[in-house]
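Engineer: Can you keep this structure in mind? I'll have questions shortly.
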Amino acid sequence: ATAFGPTVTSFVQPQPVPNPRDFVLWSFFNTIFCNPLCLGFIALVFSVKARDRKIAQDPAAAGSYGKTAMHLNIVAFCLGTVGTIACIVLVVMYYNNWRAGA
């Protein structure tokens, strides 16, 4: 008679692959509403590249493109907001000067 000992199996769960962000919606918003120096459009291009790399299972390249898109979106949003506020201030100042001169 032979005696079999208990069978020990170990299962190592693989680390989850990080899911890099692509910022497509934010880039689309900046392309439509805040597009100084075409930065919103360039951010949209990098966002689409990030999404393509994510689908192709290349998280390193997707993360790099996503980070570039994020930085471009931040700059485009800030410049667009500052430009909009400056335009509103200039229109109000022009209107007040025009009304005072009339």
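Engineer: Between L90 and D52, what FRET efficiency follows from the Cβ-Cβ distance if R0 is 41 Å, with the result rounded to 0.05?
Structural biologist: 0.50
Engineer: With a point put 7 Å past each Cα toward its Cβ, work out how far F33 is from N19 in nm, to one decimal.
Structural biologist: Using points 7 Å along Cα→Cβ, the separation is 2.5 nm.
Engineer: Of the labelled options (1) -0.69, -1.01, -1.17; (2) -0.80, -1.04, -1.16; (3) -0.70, -0.92, -1.05, which one gives log10 I(q)/I(0) by the Debye sum over Cα atoms at q = 0.15, 0.20, 0.23 Å⁻¹ as computed for this structure?
Structural biologist: (3)
None of the figures in this text is laboratory data; all of them are computed from the coordinates on show. Remember, predicted model here, so these are calculated numbers, not experimental data. Cβ: placed from backbone, ideal geometry, glycine included. Neighbour counts: every protein chain shown.
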